[in-house]
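Visitor: Structure provided below as C-alpha cells; questions to follow.
No lab work stands behind these numbers, since they all come straight from the coordinates. Bear in mind the structure is a predicted one, so any value in this text is a computation, not a measurement. Glycine also receives a Cβ, built like all others from the backbone with ideal geometry; neighbour counts cover every protein chain displayed.
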Amino acid sequence: MKIKVTLSLREELVKRVKSRLSMEDKTLSELVEEYLAIYDGFKILDAICDKFGMSKRLLSGLEVELDRERGLKAEEVLREIRNERKSLS
C-alpha cells in the first residue's frame, strides 16, 4: 500500500534530479522510496555492528583496501573461518 507524502525540497535540485531520472525512466517517487529503503536498512547494519562490537563508520574504497589483510590466501582464510564455525556448533 502506498501513501502520499509532502516534501519541501530545493526547486533547482528537484529539476536537475528529475531531468536525470527521465533519462533513467525512473520517477522521483521511486528514487525517494529506494533511498528510504537504504536508510531503513542502516538500522539493521547498526544492530549487527552493535552486536559484534564493530565500528559504524563508513569507509571509502581506499580505506577498505588499505585496511585489508595482506599475505593471506583467501582459501586459507575461508577454511579457518569454517573450522571456527564448526567448532562453535
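Visitor: Can you find, among 58, 71, 83, the residue farthest towards the positive end of the dipole of the chain? Put +1 on the C-beta of Lys and Arg, -1 on that of Asp and Glu.
Guide: Going by the charge dipole, the pick is 58.
Visitor: I need the Debye-formula profile for the stretch 11-88: one equal scatterer per C-alpha, no solvent, reported as log10 I(q)/I(0) at q = 0.16, 0.27 1/Å, two decimals.
Guide: At q = 0.16, 0.27 Å⁻¹ the computed log10 ratios are -0.91, -1.15.
Visitor: Between residue 3 and residue 21, what is the label-point separation in nm under the 7 Å Cα-to-beta-carbon projection?
Guide: Label at residue 21, label at residue 3, 1.9 nm between them.
Visitor: Separate question: Helix-only mean residue ellipticity at 222 nm, the chain, DSSP H runs n ≥ 4 weighted -39,500 (n - 2.57), per residue, nearest 500. What is it?
Guide: Numbers: 4 runs with 60 residues, N = 89.
Counting only the DSSP helices, I get -22000 deg cm²/dmol.
Visitor: A follow-up question, please. Using the Cα centre as the reference, give the magnitude of the dipole from point charges on the C-beta atoms of the chain (Lys, Arg: +1; Asp, Glu: -1; all else neutral), rounded to the nearest 20 debye.
Guide: Values: 19 positive and 18 negative charges, 37 e Å.
For this selection, approximately 180 debye.
Visitor: Here's a follow-up. Between residue 67 and residue 42, what length in nm is gained on full extension when 0.36 nm per residue of separation is reduced by their alpha carbon distance? List each step's numbers first, then the result.
Guide: Working: separation 25, 0.36 × 25 = 9.00 nm, distance 2.21 nm.
Result for the pair: 6.8 nm of gain on full extension.
Visitor: Under DSSP H, which helices of the chain have Cα atoms covering 24 Å or more of the helix axis and a Kyte-Doolittle average no less than 0.0? Provide the component values of the computation, followed by the final result.
Guide: Numbers: long enough: 28-52 (36 Å, 0.48).
Span-like helices in the chain: 28-52.
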